[in-house]
Amino acid sequence: MKQYLTTYYQEINQKLITQKNFTKDEIKDHLTKIQFFQHERLIHLIVTLFYALFALLSFLLAFIHPLLLIIPTLLLIFLIFYVVHYFFLENTVQALYKQYDQMKACEKKRSIF
């Protein structure tokens with residue numbers, strides 16, 4: 001997903017630099033992809049929150065027996081990777097919002113003439 005999102009973001013940036021004109025269909029397609037990426041972001045947020053909850057609960061288990069400290073350590077490692085990935089999704093989707101605004105602005109300039 002990270003590669004797909006990065007590639008798509010770069011393609012749209014390139015079009016914004018070179019093309020400067022966008023059809024309604026291109027803008028609609030961009031908005032549809034934003035919705036897909038928002039859904040992906042929501043799913044990752046839910047998974048990240050559950051990993052955090054399970055990590056906290058497993059730390060409570062570690063107080064019962066020190067050998068159980070392996071479980072929260074593993075969950076904490078996974079949690080760190082999920083948080084990093086979630087922030088990537090969050091920041092990139094927000095960048096897509098800005099691209100959408102730029103595309104709409106290009107469409108308005110074109111429709112004036």
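Values quoted throughout were computed directly from the atomic coordinates according to the rules given, and no laboratory measurement underlies them. The model shown is predicted, which means the values in this text are computed figures rather than measured ones. All Cβ positions, glycine included, derive from the backbone under ideal geometry; neighbour counts span all protein chains shown.
Restrict the check to region 41-64 and report whether at least one residue is more than 22 Å from Tyr4 (Cα to Cα) and outside any helix (DSSP H, G or I). Scanning region 41-64 turns up no residue that is more than 22 Å from Tyr4 (Cα to Cα) and outside any helix (DSSP H, G or I). Filtering region 57-73 to residues that are more than 35 Å from the chain's Cα centre (by Cα) and not aromatic (Phe, Trp, Tyr) leaves Ile64, His65, Pro66, Leu67.
Against the condition assigned to a helix (DSSP H, G or I), surrounded by 15 or more Cβ atoms within 10 Å (Cβ to Cβ) and either without any contact (Cβ under 8 Å) to a residue 40 or more places away in the chain or under 15 Å from the mean Cα position of the chain (by Cα) (or both), how does Tyr4 come out, does it pass? No: the conditions fail for Tyr4. Taking the criterion of being over 27 Å from Leu96 (Cα atoms) and among the polar types (S, T, N, Q), the residues of region 39-80 that qualify are Ser58, Thr73. Check Lys20, Lys33, Lys15, Lys28 and return the single one that is among the basic types (Lys, Arg) and on the phi > 0 side of the Ramachandran plot. Among Lys20, Lys33, Lys15, Lys28, only Lys20 is among the basic types (Lys, Arg) and on the phi > 0 side of the Ramachandran plot.
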